[in-house]
1. Restricting attention to region 107-127, which residues are touching a residue at least 60 places away in the same chain (Cβ under 8 Å) and under 10 Å from the mean Cα position of the chain (by Cα)?
2. Out of region 67-81, which residues are at pLDDT 95 or above, buried (at least 17 other Cβ atoms within 10 Å of the Cβ) and not in a strand (DSSP E or B)?
3. Could you please find all residues in region 16-61 being assigned to a loop (DSSP other than H, G, I, E, B), open to solvent by 40 Å² or more (accessible area, probe 1.4 Å) and either within 18 Å of I88 (Cβ to Cβ) or touching a residue at least 40 places away in the same chain (Cβ under 8 Å) (or both)?
4. How many of the residues in region 94-116 are surrounded by 12 or more Cβ atoms within 10 Å (Cβ to Cβ), part of a strand (DSSP E or B) and not aliphatic (A, V, I, L, M)?
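The values are calculated or read from the model by the stated rules, or taken from the named source; none is laboratory data. Because the structure is predicted, anything quoted here is derived from the model rather than measured. So basically every Cβ, Gly included, is an ideal-geometry build from the backbone, and we count neighbours across all protein chains shown. Just the protein is used for accessible areas: all its heavy atoms, side chains included, with ligands, DNA and RNA removed. Shrake-Rupley method; radii C 1.70, N 1.55, O 1.52, S 1.80 Å.
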Amino acid sequence: MRHVLVAVVVVVLAAGPAAAKGAMEISAAAHTVRSGQAVRVSGAGDDDAAHYLQACVEERDGGQDAWRIVSCGNPASSGAGARVDTRITPQRRGTVQFRGVLYKMAGPDDRHPSVLRTSPVTTVRVR
């Protein structure tokens, strides 16, 4: 009887919930720029928890303002990887922060995507 109980516990633990795998990364081509100088920001992400994904870049000034969407890439099916690539021209001195956001979509034309993942923040100093 004891061996049967151990076997049942092992089977139950092995059938536990599966965790979704995914990531969102972003990079800026420069960490210091002059005011009016363009900086290239790109990102990529994927997640097996959604059928369709869209990667976007958000920015905020000085780390105090609310995040604003700057640019989004085309919707992509899960497994293909969502990408975004844009050029941003800061006009004021100080710091600008960027992050990547990976949106989960019901279909390629979904008008109400939901946030699935965000990347770590990247800071660019503007002189």
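1. L116, R117, T118, S119, P120
2. Once the filter is applied, which keeps residues that are at pLDDT 95 or above, buried (at least 17 other Cβ atoms within 10 Å of the Cβ) and not in a strand (DSSP E or B), region 67-81 yields G73, P75.
3. A29, H31, R34, S35, G36, Q37, A38, A49, H51
4. The initial filter retains those residues of region 94-116 that are surrounded by 12 or more Cβ atoms within 10 Å (Cβ to Cβ), namely 94-106, 108, 110, 113, 116.
Going one step further and asking which of them are part of a strand (DSSP E or B), we end up with 94-105, 116.
Checking which are not aliphatic (A, V, I, L, M) leaves us with 94-95, 97-100, 103-104.
Summing the residues that are surrounded by 12 or more Cβ atoms within 10 Å (Cβ to Cβ), part of a strand (DSSP E or B) and not aliphatic (A, V, I, L, M) in region 94-116 gives 8.
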